Each structure stands twice: as structure tokens, then as C-alpha cells.
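One structure is given here, and the rest of the page talks about it.
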Amino acid sequence: MFDVIIAGCGPTGAMLAAELRLHDVRVLVVEKETEPASFVRIVALHIRSLELMAMRGLLERFLERGRQRPVGGIFAAITKPVPEGLDSAYAYLLGIPQPVIDHLLEEHAIELGAQVRRGCSVAGFEQDDEGVTVELSDGEQLRSRYLVGCDGARSAVRKLLGVGFPGEPSRTDTLMGEMKVGVPQEEIAAKVTAISETHKRFWLRPFGEGVYSVVVPAVGVSDRAEPPTLEDFKQQLRTIAGTDFGVHSPRWLSRFGDATRLAERYRVGRVLLAGDAAHIHPPIGGQGLNLGVQDAFNLGWKLAAQIRGWAPETLLDTYQAERHPVAEDVLDNTRAQMELTSTEPGPQAVRRLLTELMDFDEVHRHLIEKITAIGIRYDFGEGPDLLGRRLRDIDVKQGHLYGLLHRGRGLLLDRTERLTVGGWADRVDYLADPTAVLDVPCVLLRPDGHVAWIGDDQQDLDDHLSRWFGMPAN
């Protein structure tokens, strides 16, 4: 019997498996694909995702395989200078091939003891008060305490669970791919600059070694059910730019729509949803993969606490309470961004106005914090503005704050040196006199780095330790 079976070994499923293994939870990940994806699609890890990797000691692995670039032009591709002093030690984007992300996170999960079984998927399940009986596509039946669907937009787990997936179907399709070009970069840059004034769903962006990311509208292109061809890209480029730029040797070609949907519930009994199984939206702003990884980070320690037996009664319910509104916000901002790519006069007028407003630092900063997820504040009740927000990676006597979070435990930062974590020491670490950077006496961090309490009173601290980490061990 497993504690958790995870359907899907993409970034969300692999991240969740690793988080559970930090707490010795028995995990099986089933993945229908027999081999990892072979096509090379470059994606961007946003600031908050980079922070999460730093919290688990993974960041260097990713930095070695990616390319850093400024956090600019990520809202509706409106280019503005990056605001100074973004509230993170990792205030950049990391462009990295998605297969590399998949591999690094799966490798991390396996190193921690997760089992990964490829070539099978969830075909059915039944749950009861004690657990879930899962039937795999090969006919095998397994028993688990929980099942988590991380199996993508067409999630079998979500469908079998009967959870509604309301939203809007795709109305506008776009072609996206990576390929080499046959003309000088200067010629491409001049053309793209001129065309992008009116065509916002069009770009050619260099990735080095003559490879470009190419995005063009799919108007008039072959049946949606058929994968796009290089000739489809050439045709659309000639229609919009008057030239196909000599594109050749594609790495991968895809077609995406602007369908936007959000699961009505993230949990039904012992079955939960995360990542694209819980929400889909257009890729504009590059938030999808990041949103899924952050779902997993939020869920992992809570589900582990439930299984280990110390979770407060309502802890697992906070997964939906916290992450569902975040997804709603992402769906809304991608809807807005897609509207701003329209060539119609109304959306273009709004785009020009927003472009002006983004010259105000507070406006531009707000949009960057929204897209990169560093502006999230969970509702933990009344308190200082920092309550419910994540704490940046500050310097502490032992080095860096995030280096103290590698084990996925809570952490008390105590500048007064008068408090204690007492009977919660098996779940929460303690650091006295951490740093002068903090302007509050004491901070209690959850395993995901969000501030759960601020104060200097032991009884108040104990109440909040109970709220997030259950009853003391003694």
C-alpha cells in the first residue's frame, strides 16, 4: 500500500512527489508516456519558482542548464525597463528547456525515494473512508491513502472524479514553435519591430545558435485536430511579414488555443487535483508550468502532515482555499493579456493606455509581481502586511534563509531569543537572533516560506504553531 499515488510525472507531479518524500511519505508516480518528451520547448521559470528551487537546494542544478534574462516584457509582451529593487534575491527569468525541468524534478523525486512507473495511467478508482483503490491501465489494482491528479488538461482523474471544469472554450488559435532561420538577425529584428506594432500575437525571438521561437496566428491553418507543419508556419509568416525568413529545421511545432477553465473543486475526499488538471489558460505570460509547481509546493507539506498524523483538522482544506483564488487571478490576467493582443481598435486603445500607465513604477511593479507570483498574499487573518506573504531569501548568520528550508520543515526566526518551538521541534526548526534585516521581533515560516505568524508572545506563538503544525508532541 502506498500513501499517495500521483497521476502524471510532469513538473507538478514530480515536484509533489519530492515534497512528500521529504516527510517519508510512500509515493508512486504513474506516467502514461513511456519516455520523457523528446521535443525541446524553452519555458521560463519565474521568480517565485526560482525561490522554491532555492528553498529545496535545487537552484544550482537549474542555473547550470538555463539562461538568465531580465523580467521585462512579460505582461502582454509590453516592453518596459525592469523596475529596480524587486523584492527577491532571484529577480530574473530563467529560460530553460522543459524536458530539462521534467528531468531535474523527476531525478530529484527519485533521489528522495519516490517510485516512478512509466507506460501506465489511472484508468479508474474508488475511494472510501480509509483510502483509494486505483486501477491502472494495465489492469493492476493498487491501494493508496490518497490519489492526486497531476495528469494535465485532459485529466482522467478529474473526469473520473466528476469535478466540473467550467470556463471558455478556445476561440483563437496560435502557432508556436522553435526553428532555425535563414536570414541575418538584423533583418529579422527590423521586421519584427515594425510588425509587432500591430500584430501582438507575432514574434521571432532568438534563443542562440540560430534558433528562434516563432509565434504566429493560426488563422486559416489546417484542422485543429492535426498537428501543424513547417509549411503552416511559412504560410503564416509570409501572410504577416511578406517573408518566411527562411525558417527550417524545427525543434518542435505546436498549436494552442485560448481555452480558459478552472476546476470547481481541488479536492473530493481523498482525491485531489493540481497543475493543469485543475486549471488551464493561454500560455501568454508563461505562468502555466510555474503555477503547477507552486500548487505542488503548497500541497506537499499539507498532505504529508495529514498522512503523518499531525495535521490540524482543516489544514488540507487550506490547499484549495489558498490556491484556487491564485488560479482565478492567473486566468483573469491571461484573459486580459489575450485581449490586449487583438488587432481590433478597442483592445489596441486599451493596450496603448496600459503601456502609458506602466511608465508608473507602481503599476509596472504590480504587474510583474502578479505574473511572477511574488505578490501573492494568502488570507491568514488580520495582521501586518507581511503576514501571509512569502519571505524573501534574506541573509542570516548561517548563510541564506532558504538554505534552512531544504528539509521542508517550518522555521521560527527569533530575534528576541526568548521564544521556543517546544513540542513542535519535530516539525519546526528554530533560529535565534537570525538577522538585523528583519524589522519584526519574530517570524514563523511555513515549509513553503509563507509567513504564518509575526509577534513576540509565546502563548500567541503556541496558538499559531497549533494552527499550522497540529498539537505538540509532548
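Candidates Arg392, Arg323, Arg418, Arg407: the one that is in a loop (DSSP other than H, G, I, E, B) and surrounded by 18 or more Cβ atoms within 10 Å (Cβ to Cβ) is Arg392.
When Leu413, Leu438 are screened for being under 25 Å from Ala305 (Cα atoms) and either in contact (Cβ under 8 Å) with a residue 40 or more places away in the chain or in contact with a Leu (Cβ under 8 Å, 6 or more places away or on another chain) (or both), only Leu413 passes.
Please verify whether Thr314 is closer than 30 Å to Asp462 by Cβ, surrounded by fewer than 16 Cβ atoms within 10 Å (Cβ to Cβ) and among the hydroxyl-bearing types (Ser, Thr, Tyr), treating the condition exactly as stated. Against the criterion (closer than 30 Å to Asp462 by Cβ, surrounded by fewer than 16 Cβ atoms within 10 Å (Cβ to Cβ) and among the hydroxyl-bearing types (Ser, Thr, Tyr)), Thr314 qualifies.
Against the conditions (1) open to solvent by 20 Å² or more (accessible area, probe 1.4 Å); (2) assigned to a strand (DSSP E or B), Val443 satisfies every one except (1).
Among the residues of the stretch 34-53, write down those that are at pLDDT 95 or above and over 11 Å from the mean Cα position of the chain (by Cα). Listed by number, the residues that qualify are Glu51, Met53.
A quick yes/no check of all residues on (1) modelled with pLDDT of 95 or more; (2) acidic (Asp, Glu); (3) surrounded by 17 or more Cβ atoms within 10 Å (Cβ to Cβ):
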residue: Thr334; (1), (2), (3): yes, no, yes
residue: Glu344; (1), (2), (3): no, yes, no
residue: Glu369; (1), (2), (3): yes, yes, yes
residue: Gly383; (1), (2), (3): no, no, no
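Pairing each residue of the stretch 46-60 that is among the small types (Gly, Ala, Ser) with any residue that is part of a helix (DSSP H, G or I) and crowded, with 24+ Cβ neighbours inside 10 Å, provided the two are 6+ apart or on different chains, yields C-beta distances under 8 Å for Ser49/Asn290; Ser49/Val293; Ser49/Gln294. Taking the stretch 2-103 as the region of interest, the helices (runs of 4 or more DSSP H) fully inside it that hold 2 or more residues being crowded, with 24+ Cβ neighbours inside 10 Å are 11-21, 47-55.
Which residues, taken from the stretch 126-153, are in a strand (DSSP E or B) and open to solvent by less than 40 Å² (accessible area, probe 1.4 Å)? Within the stretch 126-153, Val132, Val134, Leu136, Leu142, Ser144, Tyr146, Leu147, Val148, Gly149 qualify.
For the subset of the stretch 164-180 comprising residues that are among the charged types (D, E, K, R) and over 17 Å from Val43 (Cβ atoms), which member is surrounded by the fewest Cβ atoms within 10 Å (Cβ to Cβ)?
Arg171
Of all residues in the stretch 283-302, none are out of contact with any Ser or Thr (no Cβ under 7 Å at 6 or more places or on another chain), surrounded by fewer than 18 Cβ atoms within 10 Å (Cβ to Cβ) and among the hydrophobic types (A, V, I, L, M, F, W, C).
The values are calculated or read from the model by the stated rules, or taken from the named source; none is laboratory data. The model shown is predicted, which means the values in this text are computed figures rather than measured ones. Cβ: placed from backbone, ideal geometry, glycine included. Neighbour counts: every protein chain shown. The protein model used for the area step is the full one, side chains on, heavy atoms only, and it has no ligands, DNA or RNA in it. Shrake-Rupley method; radii C 1.70, N 1.55, O 1.52, S 1.80 Å.
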